[in-house]
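Notes follow once the structure below has been shown.
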């Protein structure tokens, strides 16, 4: 087994091999310097006067980190040119998945995260230890929604399943993913259908995409998902929509959450206000009037197919902010929490409150109205 | 008392036969050429099989689509995948992704591999090392990496260190495990023989244990290379704007299965290149190692 050659030669060969491997790794390591910085913008300006949330504070030392889950957002903001002269620096790290967004937020790696509108309520209800009554660690402060969207997230069923209404879901396999708007839609659909959890075969998936794939493959009778993912099946008539956000009474919006300490920091709050003032312009004015630019970014930079990009623009052009101070907002969140708790999806059904896990501090900037 | 064992004539012939054949094979005029040709055929036949089997699979894949056994939505055709590469090359994603991912994987491999190697040798050679590291590392290696991503974001942030930490962890365990077992598995008789010849502890490690354990260590390195590449998909979930993992995740988010499969193909090619490279390293490091096989 052992060679009869002199041992030092073995060591030399082994050393040569080890050196080769190490060198290869170093060469690979030096192969590139590019990497992981998120898109961003900065300005040489020192004071914030732009945006709806203008402030006279010196923001030149502020760096705002706004987490987002998909790469389209920073690319679109850059294309809009609305964020080029911010009096503070900002970064938009793309962090896939709500769990990673929340980890980055709690870990103070980002100031603002993007999840579902109900995430602040779900986090409070699911916390390992109850949040202090006088201060939640994170607060939902803005919600983007698309009230007139032609293709909202919906409950889709296969034609062959024979289901035509929520009542028909009894005993059927329904795909969903946990945590965000899709889950809210799932539990409210069960509630409106009058089902107990055992009355349907709920199949939980790690992502919206995975649930839709299972539906497309014919493994499910129904799925709660976005139209763009199941478009082909719906357009061919092999799948139909039986309920959506509007009919279920859900906002179905994108929720913006910040650490409470970021919202309490006057300079950071001023930067957030400026950023969301610009974001309102982006949603309400830039997107509706820039279809070609919007779709070009989605197709050429993000990799969407033109038909999917078109659907996404059709939805996005209706984007606006929901006023968190609207009394209906907390009612809707509480109804979702109660339903999720009832179906075993949450540890408690703790009540959401303004000034605790939701904040109206940006309502003026995002909707032009407060209170 | 002397025992004389007479060899039967047939047995004599049988004993001579291999010798005669070997002499004939080595002669310059005659079967030496035949043997050389056989070797050449075997060599090229081997390469034909290596390349031919994946090619056949791709042809079968395309035929399955042509014969409508599956659809483009379920499994994009090889032609569509090639179009996806053209798209990725056209917008510069591919050129950005490969060097960035190789850099990340290389750095993680260097850190994790080095740590795994050192700890594996330490734990394999010394009881104290085994007691300190083995139980802990055996526990940690079963932790699913996907569960570590949010924790690593909290501990190491969202910049490069968290990605590097994840890849480092992925590369550490296979090299540790293989090194540890290779060192522990060295034949005690060899060590005793070394002692008999007066070798000291360090000399035994250098002259007996390390060369004997080297095949196992290199197997660990092979695994570590693969794991460092595979962990990119998880590492590049967070705050990445380029990389193979990022390409795959972004494609998943945007309903582009063709790009997802294009990304998987890149992994496959990198896997082959790593295998090719590691074979070279093994030949260089283990020239005494016999090729074992029955055909």
Filter result (part of a helix (DSSP H, G or I), within 11 Å of chain B (Cβ to nearest Cβ) and crowded, with 19+ Cβ neighbours inside 10 Å) within region A:76-107: A:98, A:100, A:101, A:102, A:103, A:104, A:105
Filter result for the condition that a residue is more than 24 Å from residue A:259 (Cβ to Cβ) and either in contact with a helix residue (DSSP H, G or I) (Cβ under 8 Å, 6 or more places away or on another chain) or modelled with pLDDT of 95 or more (or both), over A:36, A:52, A:80: A:80
Residues located in region A:194-205, provided they are within 27 Å of residue A:124 (Cα to Cα) and touching a helix residue (DSSP H, G or I) at 6+ places or on another chain (Cβ under 9 Å): A:194, A:195, A:196, A:197, A:202, A:203, A:204, A:205
From B:35, B:51, residue being in contact with a helix residue (DSSP H, G or I) (Cβ under 7 Å, 6 or more places away or on another chain) and modelled with pLDDT of 75 or more: B:35
Failed criterion for residue B:289 (all others in (1) without any contact (Cβ under 8 Å) to a residue 12 or more places away in the chain; (2) part of a loop (DSSP other than H, G, I, E, B); (3) over 25 Å from residue A:98 (Cα atoms) hold): (1)
Failed item, numbered, when residue A:240 is tested on (1) touching a strand residue (DSSP E or B) at 6+ places or on another chain (Cβ under 7 Å); (2) crowded, with 22+ Cβ neighbours inside 10 Å; (3) in contact (Cβ under 8 Å) with a residue 60 or more places away in the chain: (2)
Some residue of region B:90-97 being touching a residue at least 12 places away in the same chain (Cβ under 8 Å), within 9 Å of chain A (Cβ to nearest Cβ) and either surrounded by 12 or more Cβ atoms within 10 Å (Cβ to Cβ) or assigned to a helix (DSSP H, G or I) (or both): yes
Per-region count, region B:255-266, residues within 9 Å of chain A (Cβ to nearest Cβ) and surrounded by fewer than 22 Cβ atoms within 10 Å (Cβ to Cβ): 1
All positions within region B:108-150 that are touching a helix residue (DSSP H, G or I) at 6+ places or on another chain (Cβ under 7 Å), within 14 Å of another protein chain (Cβ to nearest Cβ) and closer than 11 Å to residue B:180 by Cα: B:116, B:117, B:120, B:121
Selection within region A:220-230 - under 17 Å from residue A:160 (Cα atoms) and within 12 Å of chain B (Cβ to nearest Cβ): A:230
Pairs where the first residue, in region B:201-224, is closer than 26 Å to residue B:270 by Cα and in the same structural domain as residue B:105 (by TED's automatic domain parsing) and the second is modelled with pLDDT of 90 or more and not in a helix (DSSP H, G or I), C-beta under 8 Å, 6+ apart: B:216/B:185
Listing of helices (runs of 4 or more DSSP H) fully contained in region A:188-253 that carry 3 or more residues being closer than 30 Å to residue A:323 by Cβ: A:227-235, A:245-248
Answer residue from region B:151-165, given it is assigned to a helix (DSSP H, G or I) and touching a strand residue (DSSP E or B) at 6+ places or on another chain (Cβ under 9 Å) and is farthest from residue B:113 (Cα to Cα) among those: B:153
All positions within region B:239-253 that are within 7 Å of chain A (Cβ to nearest Cβ) and in contact with a helix residue (DSSP H, G or I) (Cβ under 6 Å, 6 or more places away or on another chain): B:240, B:242, B:251, B:252
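Here's the yes/no breakdown for (1) surrounded by fewer than 19 Cβ atoms within 10 Å (Cβ to Cβ); (2) over 25 Å from the mean Cα position of the chain (by Cα):
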residue: B:195; (1), (2): yes, yes
residue: B:220; (1), (2): no, no
residue: B:233; (1), (2): no, no
residue: B:253; (1), (2): no, yes
Pair list, Cβ under 9 Å, 6 or more apart: region B:151-180 residue within 12 Å of chain A (Cβ to nearest Cβ) and at positive phi, other residue part of a helix (DSSP H, G or I) and buried (at least 24 other Cβ atoms within 10 Å of the Cβ): B:157/A:104
Count - residues of region A:108-124 that are within 14 Å of chain B (Cβ to nearest Cβ) and either closer than 21 Å to residue A:300 by Cα or not in a loop (DSSP other than H, G, I, E, B) (or both): 5
Which listed residue is within 25 Å of residue B:229 (Cβ to Cβ) and at pLDDT 90 or above, from B:75, B:102: B:102
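The values are calculated or read from the model by the stated rules, or taken from the named source; none is laboratory data. None of the values given here were measured: they were computed from a predicted structure. Quick reminder, even Gly has a Cβ in these numbers, built from the backbone with ideal geometry, and neighbours come from all protein chains shown.
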